[in-house]
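What follows is calculated from the coordinates using simple rules that are stated; it is not laboratory data. Quick caveat: nothing in here was measured; it's all calculated off a predicted structure. Using ideal geometry, Cβ is built from the backbone for each residue, glycine included, and neighbour counts are taken over all protein chains shown.
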Ligand SMILES: Cc1ncc(COP(=O)(O)O)c(C=O)c1O
């Protein structure tokens with residue numbers, strides 16, 4: 001029937017059905033969206049409003065906490081820091097907590113206090129922030145890279161034992177992106193080979209492995225409270241542990257080598273080489289205020305992440321991360337998936353990221369292959385390392401630095417930052433709809 005032979009009613013019905021058919025594309029799983037023009041190509045974005053800004057604070061309570069420290073005139077480490085340490089230890093289920101200036105200094109304090117240094121090798125995954133590797137090198141030890149499990153984005157524990165040598169002293173599992181590493185396997189390997197375990201939980205506040213908080217499973221656990229972090233005071237860190245003797249050493253080390261328990265004003269009786277990385281009262285006051293929101297936010301991210309996975313898992317070319325069986329909660333400092341460009345008609349990841357960003361969804365490609373960055377060779381060939389290690393030892397360290405799975409993952413990863421997970425289900429729908437819209441229009445991105 002040509003248009004000229006239709007009744008007006010028939011025409012309107014047919015036209016509107018055709019319009020719907022051309023706009024609505026069958027859903028992938030439970031994602032539904034309109035195949036409109038991509039925002040990157042001049043169309044209307046899926047989302048026009050911002051996601052939650054970070055950090056979040058309470059105008060009254062948080063500001064009052066800071067002002068009251070200011071007015072007290074006691075700004076250096078004192079009772080507010082001690083109160084934070086008690087509360088954070090209790091929240092995690094750890095016996096002790098020591099507050100520090102940064103996650104980096106927390107890790108340095110932990111490594112130093114456990115006697116990890118020159119001549120030692122530390123097993124670590126390369127899929128991490130640079131600080132996890134820096135602290136090993138700054139301690140004078142050698143990082144030995146264990147390849148990444150691309151499905152979980154975590155260090156692959158099945159590749160650890162092959163890297164153990166008589167010099168291996170510790171494992172530094174990083175719960176990267178706030179997702180727990182496989183702690184059953186890490187702890188079993190550590191026990192079998194008599195290795196220390198320092199958890200880098202700098203992105204994993206309230207993440208859990210079999211109901212136990214990340215950071216409380218190994219010998220010591222370290223946290224960061226830098227500005228982007230879920231518990232933040234701008235800059236800050238903490239070491240947690242259950243062994244009083246070790247925690248006493250951590251405390252002493254972070255306080256110039258003063259014996260633990262001695263007055264902060266004492267000027268003699270130093271017992272060990274120490275650094276100084278004490279948290280201020282201002283930092284602790286903000287953390288105490290922030291901590292009141294931590295559990296509810298952690299639960300929200302955990303639930304929204306599961307919802308996001310359910311919405312995007314059937315979109316071709318999108319491979320959500322897998323959680324190990326022991327994960328009872330991930331903190332999701334970042335929500336990751338792998339982007340398979342072959343299923344997007346060969347659209348490069350950078351183009352995919354630009355298209356999703358243009359739809360109003362911030363995202364990034366995440367870490368590069370850190371073990372290939374120039375800092376590594378720069379450090380190994382430095383005069384200090386040449387004094388500390390023989391040429392053979394340094395060459396062995398260079399040769400083991402081969403992580404092909406990690407390199408591939410660095411090319412495929414896509415991340416969403418934690419604050420995107422703090423909203424409603426409708427906010428998460430926007431993320432899923434944007435990805436699906438980019439998929440539908442993939443041919444136009446070439
Ligand atoms: C995995 C990891 N380890 C260590 C650190 C170091 O923490 P900070 O920046 O507080 O020194 C960070 C910080 O981003 C991190 O993400």
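Brief remarks follow.
- Failed condition for residue 203, given (1) closer than 26 Å to residue 385 by Cα; (2) in contact with a helix residue (DSSP H, G or I) (Cβ under 8 Å, 6 or more places away or on another chain); (3) within 16 Å of the ligand (Cβ to nearest atom): (1)
- For residue 165, the test of being part of a loop (DSSP other than H, G, I, E, B), farther than 26 Å from residue 412 by Cβ and more than 15 Å from the ligand (Cβ to nearest atom) is passed.
- Among the residues of the stretch 92-124, those that are touching a helix residue (DSSP H, G or I) at 6+ places or on another chain (Cβ under 7 Å) and either within 10 Å of the ligand (Cβ to nearest atom) or assigned to a helix (DSSP H, G or I) (or both) comprise 100, 103, 104, 107, 108, 109, 110, 111, 112, 113.
- Filtering 238, 285 for residues that are in contact (Cβ under 8 Å) with a residue 40 or more places away in the chain, away from the ligand (no atom under 15 Å from the Cβ), within 30 Å of residue 61 (Cα to Cα) and touching a helix residue (DSSP H, G or I) at 6+ places or on another chain (Cβ under 9 Å) leaves a single hit, 285.
- Qualifying positions in the stretch 146-162 - under 24 Å from residue 389 (Cα atoms) and within 16 Å of the ligand (Cβ to nearest atom): 146
- Filtered by the rule that a residue be part of a strand (DSSP E or B) and within 11 Å of the ligand (Cβ to nearest atom), the stretch 174-197 gives a lone residue, 174.
- The set of residues in the stretch 82-113 being within 29 Å of residue 374 (Cβ to Cβ) and surrounded by fewer than 24 Cβ atoms within 10 Å (Cβ to Cβ) consists of 101, 102, 104, 112.
- Lone unmet requirement of (1) in contact (Cβ under 8 Å) with a residue 40 or more places away in the chain; (2) buried (at least 24 other Cβ atoms within 10 Å of the Cβ); (3) closer than 23 Å to residue 332 by Cβ for residue 155: (1)
- Matching option when the condition is more than 13 Å from residue 356 (Cβ to Cβ), crowded, with 18+ Cβ neighbours inside 10 Å and touching a helix residue (DSSP H, G or I) at 6+ places or on another chain (Cβ under 7 Å), among 409, 421: 421
- Contact annotation: residue pairs with Cβ atoms under 6 Å, 6 or more positions apart or on different chains, pairing a residue in the stretch 86-108 that is farther than 20 Å from residue 197 by Cβ and touching a residue at least 12 places away in the same chain (Cβ under 8 Å) with a partner that is more than 9 Å from the ligand (Cβ to nearest atom) and part of a helix (DSSP H, G or I), are 99/81; 99/84; 99/85.
- Restricting attention to the stretch 313-350, the residues that are under 24 Å from the mean Cα position of the chain (by Cα) and over 26 Å from residue 293 (Cα atoms) total 15.
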